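The values are calculated or read from the model by the stated rules, or taken from the named source; none is laboratory data. Small disclaimer: the values here were computed from a predicted structure and weren't measured. Reconstructed Cβ throughout: ideal geometry from the backbone, glycine too, with neighbour counts over all protein chains shown.
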Amino acid sequence: MESRIPQVKMRYGLDLGFGVWGLLLMAGLLISTVSYNYLLFHTLVELFAVIVAILLAVVGWQTYPFSRNGFLVFLAAGYFWVGVMDLLHTLSYQGIGIIEPDAANTSTQFWVATRYLEALVLLVAPAFAVNGLHRGLAFAGIGTFAAVVSVLIFAGAFPDAFVAGQGLTRFKVVSEYVIIGLLIVALWHLWMRGGEIDQRVVKLMALAISVTALSEFLFTLYESVYGLENFVGHVGKLLSYWLVFVAIVETSLNEPFRLLSRGATTYDAVPDPVVVVDQNGVIRQSNRAARVQVRDTQPVGRFCHQLLHPREWSEEDCPICRCIRGDLKELMTFEVPFKDTGIWHSVTITPIEQPGGAAQAGVVHVSHDITVRKQAEESLHNKNVELHSILQSVGDGIFGVDRRGRTVFVNPALERLTGWSAEALIGRNAHTTLHQPPGGLEEHPREACAVLLTLKDGKVRHSDDDLFHRRDGAAFPVAFTSAPLRGDDGDITGAVVVFRDISERKRIEQGRERYEQQLESMVAERTRELQEVNREMETFSYSVSHDLRAPLRAVNGFGQALLEDYSGQLEETAQDYLGRMRAASIRMGQMIDGLLGLSRVSRREIHPEAVDVSALAAELSDLVTASDPGRRAEWRIQPGMVAHADPILLRLLLQNLLENAWKFTAERDPAVIEVGCMDTEVGAAFFVRDNGIGFEQEVANSLYQPFQRLHRGEQYEGSGIGLATVQRIVHRHFGRTWAEGQPGKGASFFFTLPDGSESIE
Amino acid sequence: MENPSILLVEDDPNDEELILRTLRTRALQDKVFVAHNGREALDYLFGSERPPRLILLDLKLPKMGGLEVLQALRVDNRTRLTPVVVFTSSVEQTDVTTSYDLGANSYVRKPVDYKEFSEALKLVVDYWLGLNMPSPKRQDRH
């Protein structure tokens with residue numbers, strides 16, 4: 001036990017050392033008085049003990065609000081009264097002369113009573129280590145006890161402790177042993193409660209109790225109040241009081257100060273700048289981080305606004321400073337931007353409470369750098385703004401559902417398309433609201449709903465043929481996509497649906513279908529009309545061939561008959577006239593035949609195929625030459641020419657051109673007729689060129705008109721329909737015809753036909 | 001015994017006269033019976049004891065067309081084998097094809113030029129009456 005004290009001394013050497021050394025010095029002083037005057041010694045030593053008792057009572061009492069240590073405050077209350085009774089003991093001591101006649105007995109009675117009180121206090125005190133107590137009640141209780149005992153003593157009702165001539169009474173001696181016993185129990189009690197009391201205090205108290213017990217033992221031995229035992233016992237008592245005093249001071253003063261200084265270290269270890277600011281905004285304390293923050297070794301005494309708040313804020317307007325100056329009741333937090341550095345601080349100011357609720361003494365001002373958080377917040381905010389504006393501006397309706405299919409968000413396009421407001425729709429089941437409302441037009445069973453299926457299996461689905469319902473119940477066709485929303489762990493948390501009103505598209509599609517049907521029926525109608533026209537044309541052609549040619553034949557035939565049967569009766573002129581009539585009728589017959597041929601060309605169905613134009617031209621040139629074998633002719637036919645055309649019409653075309661060339665080269669010897677193919681502005685063109693009589697270029701276009709004859713019929717026989725037929729055939733093959741000529745030098749007739757790569761009709 | 005007969009089915013009196021004029025030049029012994037429409041032609045054919053040696057048939061006829069007459073007489077045993085020369089103004093290819101399909105023996109187009117007309121008529125009549133063989137080249141002309 002004693003080994004602990006030097007440790008205490010070593011750790012707090014100055015304070016306790018001074019006390020110990022002071023005690024020893026005082027003890028020495030007292031000892032020196034013993035040899036001189038024992039009464040003086042006793043009076044002094046008891047007074048010192050009273051002073052220590054009162055001191056420890058005051059310290060223990062006053063620090064109770066902070067220590068809340070019931071054990072110590074009970075000791076304090078107890079020792080106060082112990083001190084008071086010790087004072088009575090001292091004052092009634094033999095030789096002082098205040099209390100007569102039986103001073104020795106009274107004094108000893110007070111002694112015994114005081115020792116009882118002290119022992120009881122020491123015995124009971126540990127019980128309040130954790131239980132706490134009402135200190136006033138304890139003080140009053142112990143005081144009452146002391147007062148009652150004192151009254152009993154003064155009234156002579158207290159057992160005698162000292163009888164003159166006999167010395168100490170049996171009561172006194174037994175009491176000392178009882179007190180020693182009480183102290184031993186107190187020691188045991190303290191020991192039992194040791195876990196509830198600070199170990200250092202336990203040891204000091206154990207020491208104090210032991211010293212008291214030892215002193216008591218000495219007091220059982222003395223025979224004279226001036227004996228050695230008495231002297232040592234008093235010193236021991238003083239020592240025990242001192243030890244209790246030390247225990248209380250240790251717990252109530254030293255330890256809190258130690259905690260305070262430890263707190264200061266903690267304070268420096270906090271990485272955030274922490275300052276204590278008084279009501280005027282002046283820094284009163286700062287931690288290390290604060291000093292680093294303001295690059296100032298000693299910010300204490302400076303205005304916190306200048307050091308810790310944004311420069312662009314004036315102190316008057318600074319919300320933090322206004323709170324500091326005002327009557328701040330609650331903790332407040334400000335998020336403070338520093339524009340020049342881009343740094344954000346969170347500043348928390350906490351009012352410092354004064355014990356007893358006195359006016360605010362200032363605030364604790366903690367700055368915490370939240371720049372990273374702010375940046376993250378800002379980027380998140382920007383992203384959100386971006387997403388939001390996309391959601392807001394997109395033309396398609398968008399809504400989200402949670403895992404149970406309830407609508408969690410919608411965009412304005414949806415509101416516009418469905419007539420549902422966001423407030424009304426959010427929280428409702430999307431399927432039974434938009435997709436399949438009660439009384440909806442079409443059946444959308446839950447099992448087939450693409451959105452619900454997406455919620456189930458997480459697959460993206462598209463639907464092009466579905467109906468959504470407006471709030472008023474009207475349905476409209478939609479195309480939509482439903483995609484799953486997944487949480488961080490990949491679980492499906494909902495789905496987002498993007499849809500488009502396709503009413504317009506459907507209308508257009510339906511319109512197109514109607515139009516196509518109309519077109520088809522129109523085509524069928526036209527085809528019928530065309531077939532009708534064709535039939536009429538056939539009938540017409542038949543009539544023409546039959547009915548127009550029959551009268552001509554009659555004219556010709558009877559004219560011939562007249563010439564044959566009555567030539568003797570007719571003058572030469574009459575016969576000539578008859579001959580002219582016959583020729584004219586033949587001419588007209590030929591024209592009718594030409595017209596019929598032309599109409600056949602127009603009506604004929606075209607079956608294009610690859611045709612060897614060179615071979616065809618060669619074959620036709622033979623036929624043409626054979627019609628007048630007497631003529632000399634030179635045919636120049638380019639080999640290897642191929643066309644993609646109806647073979648029968650192409651034959652008719654070439655035949656007409658070759659016969660035409662043959663006819664107008666009748667006076668040439670030899671006639672030169674060329675058939676070839678050349679590149680022109682409009683592509684490859686076939687041509688038939690002759691060295692015949694030619695024509696004026698101005699009339700080139702009119703050549704293709706039916707019955708357009710440039711030369712007198714008598715000179716060049718022909719139907720007048722040949723080139724018209726050529727043009728008709730070429731047009732029916734989507735080609736072009738043109739002619740070049742020079743009077744007396746010949747003519748060239750060009751035509752184009754699609755090559756094999758183009759299809760006709 | 002009556003002279004063998006030729007049936008001419010022709011509604012146009014001019015053509016009838018011109019055809020008869022040409023036939024006269026052949027100095028045939030046959031009696032020529034002229035029907036002016038299809039009905040008359042069939043009445044004659046099915047009313048006479050003996051079918052004619054030759055039938056000259058125009059196609060465009062009132063009451064009953066030449067093709068109908070042809071069809072009808074080809075299914076009757078009495079006239080099934082009688083040579084029929086379709087001698088007509090029509091140049092429609094379908095008429096030519098149909099005529100041959102229905103059993104016409106010749107198809108001759110009536111030209112406007114009377115010389116050609118009589119020449120062609122002479123050729124087919126001579127041929128089918130077995131008077132002389134026509135040259136193959138001339139037969140192609142229709």
Flag for B:Thr98 being of a type in the set (Val, Ile, Thr) and within 12 Å of chain A (Cβ to nearest Cβ): no
Verdict on A:Gly630 being more than 13 Å from every other protein chain (Cβ to nearest Cβ) and on the phi > 0 side of the Ramachandran plot: no
Residue match in region A:522-535 (condition: in contact with a Leu (Cβ under 7 Å, 6 or more places away or on another chain), more than 14 Å from chain B (Cβ to nearest Cβ) and without any contact (Cβ under 8 Å) to a residue 24 or more places away in the chain): no
Matching residues in region A:527-539 - criterion: being surrounded by fewer than 11 Cβ atoms within 10 Å (Cβ to Cβ) and among the charged types (D, E, K, R): A:Arg528, A:Glu529, A:Glu532, A:Arg535, A:Glu536
Unmet criterion (only one of (1) within 30 Å of A:Arg470 (Cα to Cα); (2) within 10 Å of chain B (Cβ to nearest Cβ)) for A:Arg514: (2)
Failed item in (1) buried (at least 20 other Cβ atoms within 10 Å of the Cβ); (2) modelled with pLDDT of 85 or more, with B:Thr82 passing the rest: (1)
Residues satisfying the stated conditions in region B:14-37, i.e. within 14 Å of another protein chain (Cβ to nearest Cβ), hydrophobic (A, V, I, L, M, F, W, C) and either touching a helix residue (DSSP H, G or I) at 6+ places or on another chain (Cβ under 8 Å) or part of a loop (DSSP other than H, G, I, E, B) (or both): B:Leu18, B:Ile19, B:Leu23
Matching entry among A:Ala430, A:Ala422, A:Ala474, A:Ala448 (being aliphatic (A, V, I, L, M) and touching a Ser or Thr at 6+ places or on another chain (Cβ under 7 Å)): A:Ala430
Residue count, region A:695-750 (criterion: modelled with pLDDT of 80 or more, assigned to a loop (DSSP other than H, G, I, E, B) and either of a type in the set (Ser, Thr, Tyr) or buried (at least 20 other Cβ atoms within 10 Å of the Cβ) (or both)): 3
From the options A:Leu253, A:Leu218, residue that is assigned to a helix (DSSP H, G or I) and closer than 30 Å to A:Leu168 by Cβ: A:Leu218
Qualifying position, being modelled with pLDDT of 85 or more and outside the structural domain of A:Val675 (by TED's automatic domain parsing), among A:Ala618, A:Ala554: A:Ala554
Condition check for A:Thr350: out of contact with any helix residue (DSSP H, G or I) (no Cβ under 8 Å at 6 or more places or on another chain), surrounded by 12 or more Cβ atoms within 10 Å (Cβ to Cβ) and at pLDDT 85 or above: yes
Test for A:Ile283: is it surrounded by 14 or more Cβ atoms within 10 Å (Cβ to Cβ), among the hydrophobic types (A, V, I, L, M, F, W, C) and assigned to a strand (DSSP E or B): yes
Some residue of region A:597-618 being more than 11 Å from every other protein chain (Cβ to nearest Cβ), among the acidic types (Asp, Glu), closer than 30 Å to A:Asn660 by Cβ and in contact with a Pro (Cβ under 7 Å, 6 or more places away or on another chain): yes
Members of region A:655-690 that are part of a helix (DSSP H, G or I) and without any contact (Cβ under 8 Å) to a residue 60 or more places away in the chain: A:Gln655, A:Leu658, A:Trp662, A:Lys663
Qualifying positions in region A:98-119 - in contact with a Gly (Cβ under 8 Å, 6 or more places away or on another chain) and either touching a residue at least 40 places away in the same chain (Cβ under 8 Å) or loosely packed, with under 15 Cβ neighbours inside 10 Å (or both): A:Glu118
Residue match in region A:562-581 (condition: within 14 Å of another protein chain (Cβ to nearest Cβ), in a helix (DSSP H, G or I), out of contact with any helix residue (DSSP H, G or I) (no Cβ under 6 Å at 6 or more places or on another chain) and touching a residue at least 40 places away in the same chain (Cβ under 8 Å)): no
Selection status of A:Leu75, at pLDDT below 85, in the same structural domain as A:Ile248 (by TED's automatic domain parsing) and over 24 Å from A:Thr169 (Cβ atoms): no
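Condition check ((1) more than 14 Å from chain A (Cβ to nearest Cβ); (2) under 29 Å from A:Leu595 (Cα atoms); (3) outside any helix (DSSP H, G or I)) across all residues:
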| site | (1), (2), (3) |
| --- | --- |
| B:Leu42 | yes, no, no |
| B:Lys60 | no, yes, yes |
| B:Leu67 | no, yes, no |
| B:Val86 | no, yes, yes |
| B:Val91 | no, yes, yes |
| B:Val112 | no, yes, yes |
| B:Phe117 | no, yes, no |
Within region B:94-110, considering residues that are in a helix (DSSP H, G or I) and touching a strand residue (DSSP E or B) at 6+ places or on another chain (Cβ under 6 Å), the one surrounded by the most Cβ atoms within 10 Å (Cβ to Cβ): B:Ser99
Filter result for the condition that a residue is over 18 Å from B:Arg21 (Cα atoms) and in contact with a Leu (Cβ under 7 Å, 6 or more places away or on another chain), over B:Ser90, B:Ser106: B:Ser90
Residues being crowded, with 16+ Cβ neighbours inside 10 Å and either under 22 Å from A:Glu415 (Cα atoms) or in contact with a helix residue (DSSP H, G or I) (Cβ under 7 Å, 6 or more places away or on another chain) (or both) - total across region A:493-513: 9
